[in-house]
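Here is the structure we will look at, set down as structure tokens.
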């Protein structure tokens, strides 16, 4: 899969996640990606949220893997 296709799928995944984060005053940005890793950054209220690690592992990672099953790691830049 080309990077252009991956980027489109990642943007789809983030658009699926975004409404849940925005409801709590937060957001998410794609910072970078490779064949196996995606780097995101939580914004707004999600940036300093105590449970953003839980959100990352249960929500964000699962939705990204739904679109791109080959992704092995999703990490947040704090």
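The values are calculated or read from the model by the stated rules, or taken from the named source; none is laboratory data. All figures in this text were calculated on a predicted structure; none of them were measured in a lab. Cβ placement follows ideal geometry from the backbone for every residue including glycine, while neighbour counts extend to all protein chains displayed.
Is it the case, given these coordinates, that residue 58 is surrounded by 17 or more Cβ atoms within 10 Å (Cβ to Cβ) and either at pLDDT below 95 or in contact with a helix residue (DSSP H, G or I) (Cβ under 8 Å, 6 or more places away or on another chain) (or both)?
no
Per-residue answers, yes or no, for (1) over 11 Å from the mean Cα position of the chain (by Cα); (2) at pLDDT 95 or above:
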| site | (1), (2) |
| --- | --- |
| 3 | yes, no |
| 12 | no, yes |
| 26 | yes, no |
| 37 | no, yes |
| 53 | yes, no |
| 64 | no, yes |
| 68 | yes, yes |
| 73 | no, yes |
| 78 | yes, no |
